[in-house]
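Student: Dropping a structure here in structure tokens format, bear with me for questions.
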Number of protein chains: 2
Amino acid sequence: MHLYGYYRSSAAYRVRIALNLKRLHATQLFRHLQKGEQRSADYLPLNPQGLVPALVLADGTALTQSLAIIEYLDETHPEPPLLPASPVQRAKVRAFAQAIACEIHAVQNLKILNRLRALGHDNATVTAWAHDTIAEGLAACEVLVSAEPGPFCFGASPSLADLALVPQMFNARRFKVDLTAMPRLLAAEAACMAMPAFASAAPEQQPDAE
Amino acid sequence: MHLYGYYRSSAAYRVRIALNLKRLHATQLFRHLQKGEQRSADYLPLNPQGLVPALVLADGTALTQSLAIIEYLDETHPEPPLLPASPVQRAKVRAFAQAIACEIHAVQNLKILNRLRALGHDNATVTAWAHDTIAEGLAACEVLVSAEPGPFCFGASPSLADLALVPQMFNARRFKVDLTAMPRLLAAEAACMAMPAFASAAPEQQPDAE
């Protein structure tokens, strides 16, 4: 397998964690997002959205969208499971991950911030957009897990929810979001980062980190 | 079951289609998004994100995020299936749905457009933002299904991908996106709209339509 990614991409980071938890190897290939390499002619056939990640299987099939890739890995390599057994809990884990992927990350990623710059906004306004998106989004996520047992988002082992949370917490710090009112998320993140599968997937550990 | 929605919400529309396809009944309750009713004190406990939809089960459990709700319905009421059997095809269907939910809908929904207005942008700029997001996003979606058999997005029966597509095509027309270069998406939409489960879920058919 080949994983196309970028060290600071939240979506690629999620997939790196999943591969590590499943003890699967994928050769990493890099597309530098700030140089626009994710829109190059050789890459678009793999990911027509012009985004990372793309996971290319041994037969050449290219899979896109991090949460879909992770569910593929979970279905084809069930141990350790990244979704609970009960349909209600599975729905809650997926909803948490989607709350981050759709309403936080997709609204504050590099592409959107560049669109705001193209509309004439200065750095302060663009940074505030990202900050506010993350702060509001994570505040809702804190509520979503407040009644769930820890130490992870949904219980005693990491799930798809934690794979979405950890990269978003990295982004939260980049944009100086105050996380003190989110003790449950901080505890889940800490439980994750104590695991080598998460720690070694961190942006600063990647070969393309700058 | 109770479904909290809004007639023009793409996400609620997806869930209405799923309920219809599964022949499940949910009492509809409405939160008027332009009046901010999705952020009322009685609703936030059901959906801490302050978004529709929320599906409240008979035991009071509230599920959020449309794609997670639809997978819950698919897992608990497997017929007709909304995901294919093979892991690769499941990943492709999920990726298509997420491409719409995350990178199109989440970036052009009412909340984001209101944020742009709050930054001082006029109607033309805000409308162009929505138009361009949808046009670029659906162009990628057209490629994602170009090699798949029809008439639906992924084969002979509707899937999660079609449930995401149809509401987004409705939005595309609202923002006057030129769909002529997307014949595969138009064909899938037409196949869907010929089914009462889709047609009766349309915004203009809802009791809260204005």
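Student: Averaged over its residues, how many other protein chain Cβ atoms are within 10 Å of peptide A:102-109's Cβ atoms?
Tutor: 6
Student: How shielded is A:126-134 by partner chains, expressed as the average number of their Cβ atoms within 10 Å of its Cβ atoms?
Tutor: Details: counts 0, 0, 1, 3, 0, 0, 1, 2, 0.
Per residue, the average neighbour count from other chains is 1.
Student: What per residue convex hull volume, in Å³, do the alpha-carbon atoms of chain B yield?
Tutor: 118 Å³
Student: Would you work out which of A:183, A:125, B:93 lies farthest towards the positive end of the dipole of the protein assembly as shown, given +1 charges on the beta-carbon of Lys and Arg and -1 on that of Asp and Glu, about the Cα centre?
Tutor: A:125
Student: To continue, here is another question. Could you give each residue of segment A:43-52 its phi-based ³J(HN,Hα) in whole Hz, using Karplus coefficients 6.51, -1.76, 1.60 with θ = phi - 60°, and x for Gly or Pro?
Tutor: 9, 4, x, 7, 9, x, 6, x, 10, 9
Student: Give me the dipole magnitude in Debye, nearest 20, for chain B about the Cα centre, with unit charges on the beta carbon: positive for Lys and Arg, negative for Asp and Glu.
Tutor: So the dipole magnitude of chain B works out to roughly 220 debye.
Student: So with the 1.4 Å probe, I'd like the accessible area per residue for segment A:17-175, rounded to whole Å².
Tutor: Roughly 38 Å² per residue, with all protein chains present.
Student: Right, another one. Evaluate the relative contact order of chain B (contact order divided by residue number), counting alpha-carbon pairs under 8 angstrom at least 6 apart; express in whole percent. Mind dumping the intermediate values first?
Tutor: Values: 278 pairs, mean separation 51.3, N = 210.
Here the relative contact order equals 24 percent.
Student: In addition: Would you be so kind as to identify which of A:33, A:2, A:72 lies farthest towards the positive end of the dipole of segment A:2-80, taking Lys and Arg as +1 and Asp and Glu as -1 on Cβ and the Cα centre as origin?
Tutor: A:33
Student: Given Cβ point charges of +1 (Lys, Arg) and -1 (Asp, Glu) and nothing else, what value in debye, to the nearest 20, does the dipole of segment A:87-197 about its Cα centre take?
Tutor: So the magnitude is around 300 debye.
Student: Please report the equivalent ellipsoid semi-axes of the protein assembly as shown, computed as sqrt(5 x eigenvalue) of the Cα gyration tensor, largest first, in whole Å.
Tutor: 28, 24, 24
Student: Then there's this: Using mean Cβ contacts within 10 Å as the protection proxy, how do A:160-170, B:41-51 order, highest first?
Tutor: A:160-170, B:41-51
Student: Roughly how many Å is it from the Cα centre of segment A:142-210 to that of segment B:16-66, as a whole number?
Tutor: 28 Å
Student: In terms of Cα to Cα distance under 18 Å, which aspartates and glutamates are near enough to residue A:35, apart from those fewer than 8 places away along the same chain?
Tutor: Straight-line reach from residue A:35, under 18 Å: A:208, A:210.
Student: Tell me: how much accessible area in total is hidden between B and A, 1.4 Å probe, Å², nearest 100?
Tutor: The B and A chains share an interface burying roughly 3800 Å².
The values are calculated or read from the model by the stated rules, or taken from the named source; none is laboratory data. Since this is a predicted model, take the numbers as computed values, not measurements. Virtual Cβ from ideal backbone geometry, glycine too; neighbours counted across all protein chains shown. The protein model used for the area step is the full one, side chains on, heavy atoms only, and it has no ligands, DNA or RNA in it. Shrake-Rupley method; radii C 1.70, N 1.55, O 1.52, S 1.80 Å.
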